[in-house]
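Comments concern the structure below.
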Amino acid sequence: MASLDELWAKLSGAADCKSLLKKNLTQQIFDQLKGLKTKFGGTLAECIRSGCENTDSGVGCYAADPDAYNTFSELLDPIIRDYHKITDLEHPAPTFGDLDNLGFGNLDPSGDMIVSTRVRVGRSHASYGFPPVLTKEDRVAMENVTVEALQTLTGPLAGTYHPLTGMTKETQKELTDDHFLFNDSDRFLKAAGGYDDWPTGRGIFFNKDKNFLTWVNEEDHMRFISMEMGGDLAAVYTRLITAVKQMETKLTFAHHEKYGYLTFCPSNLGTTLRASVHIKIPKLAGTPDFKSVCDKLNLQARGIHGEHTESVGGVYDISNKRRLGLTEIEALQEMRHGVEEIIRLEKGL
(Lines give C-alpha, C1' and ligand atoms only; values in the text may rest on other atoms or scores of the structure.)
Protein backbone atom coordinates (compact mmCIF):
# COMPACT_ATOMS: atom_id res chain seq x y z
CA MET A 1 0.00 0.00 0.00
CA ALA A 2 1.33 3.43 -0.99
CA SER A 3 2.71 5.61 1.79
CA LEU A 4 1.38 9.10 2.51
CA ASP A 5 4.36 10.71 0.76
CA GLU A 6 3.83 8.49 -2.31
CA LEU A 7 0.14 9.41 -2.40
CA TRP A 8 0.99 13.11 -2.17
CA ALA A 9 3.57 12.79 -4.95
CA LYS A 10 1.01 11.10 -7.21
CA LEU A 11 -1.61 13.79 -6.57
CA SER A 12 0.92 16.62 -6.98
CA GLY A 13 2.04 15.20 -10.32
CA ALA A 14 -1.50 14.76 -11.70
CA ALA A 15 -1.73 17.93 -13.82
CA ASP A 16 -5.13 17.01 -15.30
CA CYS A 17 -6.75 16.19 -11.95
CA LYS A 18 -9.83 18.35 -11.27
CA SER A 19 -10.94 16.90 -7.94
CA LEU A 20 -11.85 18.98 -4.91
CA LEU A 21 -9.00 17.21 -3.09
CA LYS A 22 -6.45 18.42 -5.63
CA LYS A 23 -7.87 21.95 -5.50
CA ASN A 24 -7.79 22.21 -1.70
CA LEU A 25 -4.82 20.14 -0.51
CA THR A 26 -1.88 22.55 -0.65
CA GLN A 27 1.68 21.77 0.46
CA GLN A 28 1.11 23.93 3.52
CA ILE A 29 -2.04 22.04 4.58
CA PHE A 30 -0.39 18.69 3.79
CA ASP A 31 2.56 19.55 6.05
CA GLN A 32 0.21 20.77 8.77
CA LEU A 33 -1.93 17.60 8.80
CA LYS A 34 0.42 14.76 7.85
CA GLY A 35 1.46 13.90 11.41
CA LEU A 36 -2.01 14.06 12.98
CA LYS A 37 -4.19 11.16 14.12
CA THR A 38 -7.87 11.06 15.13
CA LYS A 39 -9.10 9.52 18.37
CA PHE A 40 -10.03 6.43 16.31
CA GLY A 41 -6.47 6.26 14.91
CA GLY A 42 -7.44 7.72 11.53
CA THR A 43 -4.75 9.34 9.37
CA LEU A 44 -4.53 11.80 6.49
CA ALA A 45 -3.47 8.94 4.19
CA GLU A 46 -6.78 7.17 4.85
CA CYS A 47 -8.72 10.34 4.02
CA ILE A 48 -6.95 11.06 0.71
CA ARG A 49 -5.94 7.59 -0.57
CA SER A 50 -8.89 7.17 -2.95
CA GLY A 51 -8.48 10.60 -4.54
CA CYS A 52 -4.72 10.11 -5.00
CA GLU A 53 -5.09 6.66 -6.55
CA ASN A 54 -8.07 7.74 -8.69
CA THR A 55 -7.11 11.17 -10.02
CA ASP A 56 -10.36 11.31 -12.05
CA SER A 57 -12.34 11.61 -8.77
CA GLY A 58 -14.88 14.38 -8.34
CA VAL A 59 -14.44 14.86 -4.58
CA GLY A 60 -11.42 12.62 -3.92
CA CYS A 61 -11.68 12.59 -0.16
CA TYR A 62 -13.32 10.43 2.53
CA ALA A 63 -13.36 10.85 6.32
CA ALA A 64 -11.40 8.07 8.04
CA ASP A 65 -13.86 8.24 10.96
CA PRO A 66 -16.29 10.71 12.64
CA ASP A 67 -13.44 12.52 14.42
CA ALA A 68 -11.62 13.13 11.10
CA TYR A 69 -14.06 15.99 10.46
CA ASN A 70 -12.47 17.78 13.44
CA THR A 71 -8.84 16.62 13.11
CA PHE A 72 -8.57 17.27 9.37
CA SER A 73 -11.00 20.20 9.16
CA GLU A 74 -8.35 22.40 7.47
CA LEU A 75 -8.71 20.15 4.42
CA LEU A 76 -12.26 18.85 4.78
CA ASP A 77 -14.03 22.17 5.49
CA PRO A 78 -13.10 23.84 2.17
CA ILE A 79 -13.98 20.62 0.30
CA ILE A 80 -17.36 20.50 2.05
CA ARG A 81 -18.03 24.19 1.29
CA ASP A 82 -17.06 23.65 -2.36
CA TYR A 83 -19.14 20.52 -2.86
CA HIS A 84 -22.27 21.73 -1.06
CA LYS A 85 -21.90 25.29 -2.43
CA ILE A 86 -22.24 26.97 0.95
CA THR A 87 -20.21 29.67 2.68
CA ASP A 88 -21.04 28.94 6.32
CA LEU A 89 -20.81 25.53 7.95
CA GLU A 90 -23.81 25.85 10.23
CA HIS A 91 -26.19 22.94 9.81
CA PRO A 92 -29.62 23.33 11.48
CA ALA A 93 -30.97 20.88 14.05
CA PRO A 94 -32.78 17.86 12.56
CA THR A 95 -36.39 18.74 11.66
CA PHE A 96 -38.49 16.07 9.97
CA GLY A 97 -41.79 17.97 9.75
CA ASP A 98 -45.26 17.03 11.00
CA LEU A 99 -45.76 13.57 9.52
CA ASP A 100 -49.53 13.85 10.03
CA ASN A 101 -49.71 17.15 8.18
CA LEU A 102 -47.07 17.27 5.42
CA GLY A 103 -49.22 19.27 3.02
CA PHE A 104 -48.71 16.93 0.06
CA GLY A 105 -49.39 13.32 -0.89
CA ASN A 106 -49.05 11.69 -4.30
CA LEU A 107 -47.17 13.94 -6.73
CA ASP A 108 -48.65 12.13 -9.75
CA PRO A 109 -52.11 10.75 -8.89
CA SER A 110 -52.73 9.72 -12.53
CA GLY A 111 -49.67 7.45 -12.43
CA ASP A 112 -48.78 8.53 -15.96
CA MET A 113 -45.36 10.01 -15.27
CA ILE A 114 -43.79 8.89 -11.97
CA VAL A 115 -42.70 5.26 -12.11
CA SER A 116 -41.39 5.01 -8.54
CA THR A 117 -40.40 7.08 -5.49
CA ARG A 118 -37.52 6.53 -3.05
CA VAL A 119 -36.14 8.40 -0.03
CA ARG A 120 -32.98 7.38 1.81
CA VAL A 121 -30.77 8.62 4.63
CA GLY A 122 -27.37 7.48 5.89
CA ARG A 123 -26.42 7.06 9.53
CA SER A 124 -23.21 6.23 11.37
CA HIS A 125 -22.64 4.81 14.85
CA ALA A 126 -21.07 7.48 17.07
CA SER A 127 -18.79 4.93 18.71
CA TYR A 128 -17.22 3.37 15.58
CA GLY A 129 -14.88 4.64 12.90
CA PHE A 130 -15.49 4.49 9.15
CA PRO A 131 -14.24 1.62 6.92
CA PRO A 132 -10.49 2.47 6.78
CA VAL A 133 -10.00 2.23 10.57
CA LEU A 134 -12.30 -0.73 11.29
CA THR A 135 -11.09 -4.23 12.10
CA LYS A 136 -12.96 -7.37 11.06
CA GLU A 137 -14.10 -7.71 14.68
CA ASP A 138 -15.41 -4.12 14.65
CA ARG A 139 -17.49 -4.82 11.55
CA VAL A 140 -19.06 -7.92 13.08
CA ALA A 141 -19.75 -6.18 16.41
CA MET A 142 -21.30 -3.22 14.60
CA GLU A 143 -23.42 -5.52 12.43
CA ASN A 144 -24.70 -7.29 15.57
CA VAL A 145 -25.66 -4.01 17.28
CA THR A 146 -27.40 -2.72 14.14
CA VAL A 147 -29.33 -5.94 13.50
CA GLU A 148 -30.41 -6.14 17.15
CA ALA A 149 -31.92 -2.66 16.81
CA LEU A 150 -33.54 -3.43 13.44
CA GLN A 151 -35.20 -6.51 14.91
CA THR A 152 -37.11 -4.31 17.36
CA LEU A 153 -39.05 -2.68 14.48
CA THR A 154 -42.71 -3.67 14.56
CA GLY A 155 -45.82 -3.67 12.37
CA PRO A 156 -45.26 -2.93 8.66
CA LEU A 157 -41.58 -2.13 9.35
CA ALA A 158 -40.79 -5.54 10.89
CA GLY A 159 -38.55 -7.64 8.68
CA THR A 160 -35.68 -10.06 8.22
CA TYR A 161 -31.92 -9.58 8.05
CA HIS A 162 -29.94 -11.30 5.29
CA PRO A 163 -26.15 -11.29 5.87
CA LEU A 164 -23.97 -11.28 2.74
CA THR A 165 -21.71 -13.88 4.35
CA GLY A 166 -23.07 -17.33 3.52
CA MET A 167 -25.94 -15.97 1.41
CA THR A 168 -27.52 -18.69 -0.75
CA LYS A 169 -27.65 -18.43 -4.55
CA GLU A 170 -31.47 -18.27 -4.35
CA THR A 171 -31.47 -15.29 -1.94
CA GLN A 172 -28.76 -13.64 -4.01
CA LYS A 173 -30.87 -13.95 -7.17
CA GLU A 174 -34.02 -12.70 -5.43
CA LEU A 175 -32.24 -9.64 -4.01
CA THR A 176 -30.52 -8.90 -7.33
CA ASP A 177 -33.86 -9.11 -9.16
CA ASP A 178 -35.35 -6.70 -6.61
CA HIS A 179 -32.35 -4.33 -7.12
CA PHE A 180 -31.64 -4.64 -3.38
CA LEU A 181 -28.19 -6.20 -3.50
CA PHE A 182 -25.11 -3.99 -3.26
CA ASN A 183 -21.69 -5.12 -4.46
CA ASP A 184 -17.97 -4.34 -4.20
CA SER A 185 -17.38 -2.92 -7.68
CA ASP A 186 -16.85 0.83 -7.04
CA ARG A 187 -13.12 1.53 -7.51
CA PHE A 188 -13.29 4.87 -5.65
CA LEU A 189 -14.83 3.24 -2.59
CA LYS A 190 -12.48 0.26 -2.88
CA ALA A 191 -9.39 2.50 -2.80
CA ALA A 192 -10.81 4.25 0.29
CA GLY A 193 -10.97 0.93 2.16
CA GLY A 194 -14.73 0.67 1.78
CA TYR A 195 -14.60 -3.03 0.90
CA ASP A 196 -12.01 -4.21 3.43
CA ASP A 197 -12.90 -7.67 4.86
CA TRP A 198 -15.65 -8.04 2.21
CA PRO A 199 -18.34 -9.43 2.70
CA THR A 200 -17.91 -9.77 6.51
CA GLY A 201 -20.26 -7.65 8.61
CA ARG A 202 -22.47 -6.63 5.71
CA GLY A 203 -26.06 -7.42 4.87
CA ILE A 204 -29.55 -6.26 3.99
CA PHE A 205 -32.66 -5.97 6.17
CA PHE A 206 -36.08 -5.59 4.56
CA ASN A 207 -39.72 -5.77 5.58
CA LYS A 208 -42.40 -8.11 4.24
CA ASP A 209 -43.73 -5.58 1.71
CA LYS A 210 -40.18 -4.85 0.50
CA ASN A 211 -40.81 -1.10 0.76
CA PHE A 212 -38.40 -0.45 3.63
CA LEU A 213 -34.84 -1.74 3.68
CA THR A 214 -31.55 -1.09 5.43
CA TRP A 215 -28.10 -1.64 3.98
CA VAL A 216 -25.73 -2.56 6.80
CA ASN A 217 -22.04 -1.61 6.37
CA GLU A 218 -22.25 -0.92 2.66
CA GLU A 219 -20.58 2.52 2.29
CA ASP A 220 -22.02 3.94 5.50
CA HIS A 221 -22.75 2.01 8.70
CA MET A 222 -26.46 2.21 7.84
CA ARG A 223 -28.47 3.31 4.82
CA PHE A 224 -32.20 3.43 5.55
CA ILE A 225 -34.28 3.31 2.36
CA SER A 226 -38.03 3.64 1.81
CA MET A 227 -39.54 3.14 -1.65
CA GLU A 228 -42.58 2.12 -3.63
CA MET A 229 -44.01 2.20 -7.15
CA GLY A 230 -45.88 5.39 -8.10
CA GLY A 231 -45.60 8.93 -6.79
CA ASP A 232 -46.79 8.85 -3.17
CA LEU A 233 -43.92 10.84 -1.69
CA ALA A 234 -45.75 11.42 1.61
CA ALA A 235 -46.17 7.67 2.28
CA VAL A 236 -42.55 6.92 1.36
CA TYR A 237 -41.13 9.72 3.53
CA THR A 238 -43.42 8.97 6.50
CA ARG A 239 -42.41 5.30 6.51
CA LEU A 240 -38.71 6.21 6.42
CA ILE A 241 -38.82 8.79 9.20
CA THR A 242 -40.98 6.53 11.39
CA ALA A 243 -38.28 3.84 11.11
CA VAL A 244 -35.39 6.25 11.69
CA LYS A 245 -37.03 7.69 14.81
CA GLN A 246 -37.53 4.19 16.21
CA MET A 247 -33.89 3.32 15.49
CA GLU A 248 -32.80 6.52 17.29
CA THR A 249 -34.24 5.13 20.52
CA LYS A 250 -31.90 2.11 20.26
CA LEU A 251 -28.71 3.54 18.72
CA THR A 252 -26.56 6.67 19.05
CA PHE A 253 -25.87 8.25 15.66
CA ALA A 254 -22.79 10.35 14.89
CA HIS A 255 -23.93 13.98 14.65
CA HIS A 256 -22.03 17.29 14.53
CA GLU A 257 -23.35 20.81 15.03
CA LYS A 258 -21.45 22.07 11.94
CA TYR A 259 -21.99 19.14 9.59
CA GLY A 260 -25.22 17.44 10.70
CA TYR A 261 -25.24 13.64 10.49
CA LEU A 262 -21.75 12.33 9.75
CA THR A 263 -21.05 10.00 6.81
CA PHE A 264 -17.99 8.35 5.24
CA CYS A 265 -18.12 10.61 2.15
CA PRO A 266 -18.38 14.39 2.74
CA SER A 267 -20.85 14.63 -0.16
CA ASN A 268 -23.59 13.00 1.96
CA LEU A 269 -23.22 15.11 5.12
CA GLY A 270 -25.99 17.09 6.75
CA THR A 271 -29.47 15.71 6.32
CA THR A 272 -27.89 12.80 4.33
CA LEU A 273 -31.32 12.76 2.67
CA ARG A 274 -31.75 11.87 -0.99
CA ALA A 275 -35.37 11.91 -2.20
CA SER A 276 -35.87 10.76 -5.79
CA VAL A 277 -38.40 9.75 -8.40
CA HIS A 278 -38.01 7.77 -11.58
CA ILE A 279 -40.06 9.90 -13.94
CA LYS A 280 -40.97 9.83 -17.66
CA ILE A 281 -39.99 13.20 -19.13
CA PRO A 282 -38.90 12.49 -22.74
CA LYS A 283 -39.95 15.94 -24.06
CA LEU A 284 -38.36 18.11 -21.36
CA ALA A 285 -35.21 15.97 -21.29
CA GLY A 286 -34.86 16.53 -25.05
CA THR A 287 -34.72 20.32 -24.70
CA PRO A 288 -31.37 22.14 -24.56
CA ASP A 289 -32.40 23.82 -21.28
CA PHE A 290 -33.01 20.59 -19.34
CA LYS A 291 -29.85 20.75 -17.24
CA SER A 292 -30.23 24.44 -16.41
CA VAL A 293 -33.90 23.85 -15.46
CA CYS A 294 -32.78 21.17 -13.01
CA ASP A 295 -29.96 23.36 -11.67
CA LYS A 296 -32.37 26.25 -11.00
CA LEU A 297 -34.65 23.90 -9.05
CA ASN A 298 -31.69 22.44 -7.09
CA LEU A 299 -32.36 19.04 -8.65
CA GLN A 300 -29.97 16.41 -9.98
CA ALA A 301 -30.99 14.38 -13.04
CA ARG A 302 -29.29 11.10 -13.89
CA GLY A 303 -29.99 7.76 -15.57
CA ILE A 304 -32.12 5.25 -13.69
CA HIS A 305 -29.18 2.93 -13.03
CA GLY A 306 -27.33 5.52 -10.94
CA GLU A 307 -24.70 8.18 -11.36
CA HIS A 308 -22.96 8.43 -14.75
CA THR A 309 -25.65 6.29 -16.49
CA GLU A 310 -27.87 7.23 -19.43
CA SER A 311 -31.66 7.55 -19.43
CA VAL A 312 -33.70 4.58 -20.65
CA GLY A 313 -36.83 5.40 -22.65
CA GLY A 314 -37.01 9.00 -21.44
CA VAL A 315 -37.10 7.93 -17.78
CA TYR A 316 -34.82 9.90 -15.47
CA ASP A 317 -33.88 9.70 -11.81
CA ILE A 318 -34.60 13.17 -10.40
CA SER A 319 -33.49 14.01 -6.85
CA ASN A 320 -32.72 16.88 -4.47
CA LYS A 321 -29.19 18.20 -4.83
CA ARG A 322 -28.81 20.03 -1.51
CA ARG A 323 -28.24 18.05 1.70
CA LEU A 324 -26.28 20.40 3.95
CA GLY A 325 -27.38 23.71 5.49
CA LEU A 326 -31.11 22.98 5.45
CA THR A 327 -33.45 20.71 7.42
CA GLU A 328 -34.75 17.31 6.31
CA ILE A 329 -38.25 18.63 5.65
CA GLU A 330 -36.81 21.59 3.69
CA ALA A 331 -34.73 19.22 1.53
CA LEU A 332 -37.81 17.09 0.88
CA GLN A 333 -40.02 20.10 0.08
CA GLU A 334 -37.36 21.40 -2.32
CA MET A 335 -37.45 18.08 -4.18
CA ARG A 336 -41.27 17.98 -4.08
CA HIS A 337 -41.68 21.50 -5.52
CA GLY A 338 -39.01 20.76 -8.12
CA VAL A 339 -40.69 17.56 -9.30
CA GLU A 340 -44.07 19.32 -9.46
CA GLU A 341 -42.48 21.98 -11.70
CA ILE A 342 -40.82 19.30 -13.87
CA ILE A 343 -44.24 17.64 -14.34
CA ARG A 344 -45.82 21.00 -15.24
CA LEU A 345 -43.11 21.75 -17.81
CA GLU A 346 -43.32 18.28 -19.40
CA LYS A 347 -47.09 18.55 -19.75
CA GLY A 348 -46.73 21.98 -21.37
CA LEU A 349 -44.52 20.72 -24.21
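Side notes on the structure shown:
- Scope segment 136-151; condition touching a residue at least 12 places away in the same chain (Cβ under 8 Å), out of contact with any strand residue (DSSP E or B) (no Cβ under 6 Å at 6 or more places or on another chain) and farther than 30 Å from ALA45 by Cα; matching residues: GLU148, ALA149
- Close Cβ contacts (under 6 Å, 6 or more residues apart or on different chains) running from residues in segment 107-122 that are touching a residue at least 12 places away in the same chain (Cβ under 8 Å) and within 20 Å of LEU345 (Cβ to Cβ) to residues that are among the acidic types (Asp, Glu) and open to solvent by less than 20 Å² (accessible area, probe 1.4 Å) comprise ILE114/ASP108.
- If you check ASP184, ASP196, ASP178, ASP220 for being under 21 Å from CYS47 (Cα atoms), modelled with pLDDT under 95 and of a type in the set (Asp, Glu), only one passes: ASP184.
- Residue in segment 16-31 that is nearest to SER267 (Cα to Cα), counting only those that are open to solvent by 90 Å² or more (accessible area, probe 1.4 Å) and in a helix (DSSP H, G or I): LYS23
- Any hit, segment 187-204, residues being in a strand (DSSP E or B) and of a type outside the set (A, V, I, L, M): yes
- Candidate set from segment 87-120 (those that are under 19 Å from HIS255 (Cα atoms), part of a loop (DSSP other than H, G, I, E, B) and not small (Gly, Ala, Ser)); member that is farthest from the chain's Cα centre (by Cα): ASP88
- Cβ-Cβ under 8 Å pairs, at least 6 apart or on other chains, segment 152-171 side over 18 Å from SER226 (Cβ atoms) and of a type in the set (S, T, N, Q), far side assigned to a loop (DSSP other than H, G, I, E, B) and open to solvent by 50 Å² or more (accessible area, probe 1.4 Å): none
- Within segment 52-81, the set of residues being closer than 15 Å to PHE188 by Cβ and either free of Cβ contacts under 8 Å to residues at least 60 places away in the same chain or open to solvent by 50 Å² or more (accessible area, probe 1.4 Å) (or both) comprises CYS52, GLU53, THR55, ASP56, GLY58, GLY60.
- Among the residues of segment 179-225, those that are open to solvent by less than 20 Å² (accessible area, probe 1.4 Å), among the polar types (S, T, N, Q) and over 30 Å from THR55 (Cβ atoms) comprise ASN207, THR214.
- Candidates GLY303, GLY338, GLY348: the one that is open to solvent by 50 Å² or more (accessible area, probe 1.4 Å) and more than 16 Å from the chain's Cα centre (by Cα) is GLY348.
- Selection status of ALA93, touching a Phe, Trp or Tyr at 6+ places or on another chain (Cβ under 7 Å), in contact (Cβ under 8 Å) with a residue 60 or more places away in the chain and either surrounded by fewer than 24 Cβ atoms within 10 Å (Cβ to Cβ) or closer than 23 Å to ALA2 by Cα (or both): no
- Qualifying residue in segment 147-163 (condition: part of a helix (DSSP H, G or I), of a type in the set (Gly, Ala, Ser) and exposed (fewer than 14 other Cβ atoms within 10 Å of the Cβ)): yes
The values are calculated or read from the model by the stated rules, or taken from the named source; none is laboratory data. All of these numbers come straight from a predicted model, not from anything done at the bench. Every residue, glycine as well, gets a Cβ built from its backbone with ideal geometry; the counts of neighbours run over all protein chains shown. Protein only, heavy atoms only, side chains kept; ligands, DNA and RNA dropped before computing areas. Shrake-Rupley method; radii C 1.70, N 1.55, O 1.52, S 1.80 Å.
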